Amino acid sequence: MKASDLRDWIDSLTQDIDFSYDGKDGSICPISRTNISLCYNSDAVDVQSVDAAMDVPFINGKSLNDLCERLEL
């Protein structure tokens, strides 16, 4: 999936998004456009925008923008 498609999916607020990367599980939980919870391998971070969700390096020091095409969604 392209990063722009994942960004749009998060922004739609339709559901939580589960993914796997490097044999570990993660999730993106868009509660609202200003409250998004990101989890990966038992680490969690909350951000206040969709752009921040795409940019924060929470997956082994990489962001969703960096790894989007390698995530198993």
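Please treat every number below as a calculation from the coordinates, not as lab data. Given the structure is predicted, the values throughout are model-derived calculations rather than measurements. FYI the Cβ positions are ideal-geometry reconstructions off the backbone, even for glycines, and counts take in every protein chain you see.
Taking other residues whose beta carbon is less than 12 angstrom from the beta carbon of Met54, and scoring Lys, Arg as +1 and Asp, Glu as -1, yields -3.
The Cβ shell under 14 Å around Ser32 holds other residues with a net charge of -2, Lys and Arg each +1, Asp and Glu each -1.
Going by the alpha-carbon gyration tensor, a ≥ b ≥ c the square roots of its eigenvalues, is the range 1-40 rounded (a/c under 1.5) or, if a/c is not under 1.5, prolate (a/b greater than b/c) versus oblate? Verdict is oblate for the range 1-40. Here the label points at Asn35 and Asp18, each 7 Å from Cα along the C-beta direction, are separated by 2.4 nm in the simple model. A cut-off of 5 Å between modelled amide H atoms, ignoring neighbours fewer than 5 places along the same chain, links Leu71 with no other residue. Taking amide hydrogens as placed 1.01 Å from N in the peptide plane, the amide H of Asp25 sits under 5 Å from those of Asn41, each at least 5 positions away in sequence or on another chain. If you take all other residues with their beta carbon under 15 Å from the beta carbon of Thr14, and give Lys and Arg +1 and Asp and Glu -1, the sum is -3.
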